[in-house]
Amino acid sequence: LERQQSRRLEGIAPRRPLAECLVAVTDPVALLSPGTRAAVLLANEEGTAMASAHGTDLGPEFAVAVVGAPIGEIAIGTCGTAIFSGEPVSCADIAASDVWAQEWRDACLKEGIRACHSVPVAGPGERAVASLFL
């Protein structure tokens, strides 16, 4: 598995498109933990809304639903909250959580995402620019 991961990282290093690199980094999660998915959600340049979602196990409808989701003081889900706060955020039961905005909850549940753990990804200046979710 280590050899496979090394080859994957070597393959994404030489000027590959960012979306392709993000999928390559998240792809091994299912191999290491069957039934678990991973994706990276990128914030827009201002850090005020989601710009895109990247992961092999995400349906196109989910990726479209993510675009424009607000990032701010009012929590709408774990990814936006992790980016805004700069801290990891977990939700054990998305359907029962009162923190999630209905539209975001529905998009996750339709995609089969029942629980989520999101970790902020720091960019230049240590400001979170993305969220890795499992």
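The values are calculated or read from the model by the stated rules, or taken from the named source; none is laboratory data. These numbers were taken from a predicted model, which means no experiment stands behind them. Cβ coordinates were reconstructed from backbone atoms using ideal geometry, including for glycine residues, and neighbour counts include every protein chain displayed. Note: areas computed on protein heavy atoms with side chains; ligands, DNA, RNA excluded. Shrake-Rupley method; radii C 1.70, N 1.55, O 1.52, S 1.80 Å.
Tabulated results
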quantity	calculated
Leading residue at positive end of dipole, the chain (Cβ point charges), from Cys21, Pro70, Thr48	Cys21
Accessible area in square angstrom per residue, the chain, 1.4 angstrom probe	58
Built amide H within the under 5 Å cut-off of Ala128, gap 5+	Gly123
Nearest-20 debye value, the chain charge dipole, Cβ charges on Lys, Arg, Asp, Glu	480
Percent carbon-and-sulfur accessible area, the stretch 7-134, ignoring ligands, DNA and RNA, probe 1.4 Å	59
Integer Hz, Karplus 6.51/-1.76/1.60 couplings in order for the stretch 37-53, x for Gly and Pro	10, 9, 7, 10, 9, 8, 7, 6, 4, 7, x, 9, 7, 6, 9, 6, 10
Residues Ala30 and Lys110, FRET efficiency given R0 of 30 Å [Cβ-Cβ distance, rounded to 0.05]	0.95
